[in-house]
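All of the numbers you see were taken from the coordinates with simple rules; none came from a lab. Since this is a predicted model, take the numbers as computed values, not measurements. Because the Cβ atoms are built from the backbone with ideal geometry, glycine has one as well, and the counts that use them run over all protein chains shown.
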Amino acid sequence: MTDKKIDSVRLQNIVQGFGQSAALMSAVELGIFTAIDGGATTIESVAEAVEIHPVNAERLLTMLTAMNLVHLDENGFSNADDVARFLVEDSPRYAGPWMLFNKPQWNDWGQLTDHLRAKELKVLGPIGDFTVDDARAYHKATYSIGMGAGRRFVRHVDLAGRKKILDLGGGSGAYCINAANTYPEITAVVFDLPSVAEVAREFIAENGVQDRVSAIGGDFTQDEFPSGADVVIMASNLPMYGPDMIGRVVQKAFDALEPGGEMHLIGETLNDDRVGPIGPAYWGLGQAISETEGVAHSEADCIGYFETAGFKDVAAIPFIEGTLTRIHGLKPLA
């Protein structure tokens, strides 16, 4: 019996993975996928459309093809299905800004070892010092993907009969905006840092729901929650905080909810054996860059936070398979 050959190819591919990230981000910045969608199907026509040298167009298209982001056949280049849906400019689902969301951290990831040696960790990282301009840039990058998640939420969760949503760290207000558009009787409050709340009001007004959706500035890790909500949402900020803080926030949400109310925590969660998926692990490790107490949490961890707080009928169900889980629970009537 021959022993399985062990080589370094897998390790080399991982180490060189930053090249894949760079290729995708450059393709978005240059508009490569938009050019292909518009009929540029050869190296020369792509190069002309995005105004780069044909040699560089060939280099980039070769990499994008190897990554299965574009396909090449006798008809030339074409976009992969997910690229065509999310990375062609002017598409209603365009997510180019989201693909570039973490690019400002590029150099910091190169200094990860130094960040891992930090001796003191914070509750809030750089976002705690955001100016309004910082918050605006941040949430413009997350807005398209957030609106998609908000639409998914109102498809998955029946809010009929509910009266008031409290969205903790709600950012652009995407979940509240979609809920208000779907349920005319619902009001909602985005509770986020003051600079973020100011920007949230802009998105809320842009969507024409400012009569029923408001934004209040505050720090939900420290400040008292607005009262009267029968729905609490906390979405896409789970790995930013450590277990003790998430436990405290879930307890505060339970205490603030009206009897019979419900909470939904939507976040990147590890499997219960803590072996993947890689997405939640990535977001947890990324908190080392911000030098916060944030970590990757498992589904079992989150269920535990809910049950300890007093929620009943707690369950975890996939929200976006392999990426996000929705943990939900009910506050008893008495």
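Summary of computed values
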{"item": "For residue 117, net neighbour charge (Lys/Arg +1, Asp/Glu -1) across residues whose Cβ lies under 15 Å away", "result": "-3"}
{"item": "Contact order normalised by residue count of the chain, Cα under 8 Å, 6+ apart, percent", "result": "12 percent"}
{"item": "MRE, 222 nm, helices only [DSSP H, n ≥ 4, -39500 (n - 2.57), over the chain, to nearest 500]", "result": "-13500 deg cm²/dmol"}
{"item": "Within-13-Å neighbourhood charge of residue 171 [Cβ basis; K, R +1; D, E -1]", "result": "-2"}
{"item": "Pairs beyond 29 Å (Cα-Cα), from 103/163; 164/312; 122/252; 119/140", "result": "103/163; 119/140"}
{"item": "Highest-MSF residue in the chain out of 240, 67, 25 [GNM, Cα springs under 10 Å]", "result": "67"}
{"item": "Selected from 106, 98, 283 as most flexible by GNM, with the chain as the system and alpha-carbon contacts under 10 Å", "result": "106"}
{"item": "Local net charge near residue 318, Cβ-Cβ under 15 Å (Lys/Arg +1, Asp/Glu -1)", "result": "-1"}
{"item": "At most 13 other Cβ within 10 Å, DSSP loop - trypsin sites (Lys or Arg not before Pro), region 246-302", "result": "274"}
{"item": "In region 92-177, the trypsin sites (Lys or Arg not before Pro) that fall in loop regions by DSSP, at most 16 other Cβ within 10 Å", "result": "93, 117, 119, 163"}
{"item": "Fluctuation leader among 11, 257, 30 - the chain, Gaussian network, Cα springs under 10 angstrom", "result": "11"}
{"item": "Neighbour cut-off at most 14 other Cβ (10 Å), DSSP loop, GluC sites (Glu not before Pro), region 188-259", "result": "224"}
{"item": "Cα centroid separation, region 188-231 to region 125-142 (Å)", "result": "15 Å"}
{"item": "Prolate/oblate/rounded label for region 100-145 (Cα gyration tensor, a/c 1.5)", "result": "oblate"}
{"item": "Whole-number percent relative contact order across region 246-321, with pairs defined as alpha carbons under 8 Å at least 6 apart", "result": "35 percent"}
{"item": "Shape parameters for the chain, alpha-carbon atoms, Rg then Dmax in Å", "result": "22.0, 73"}
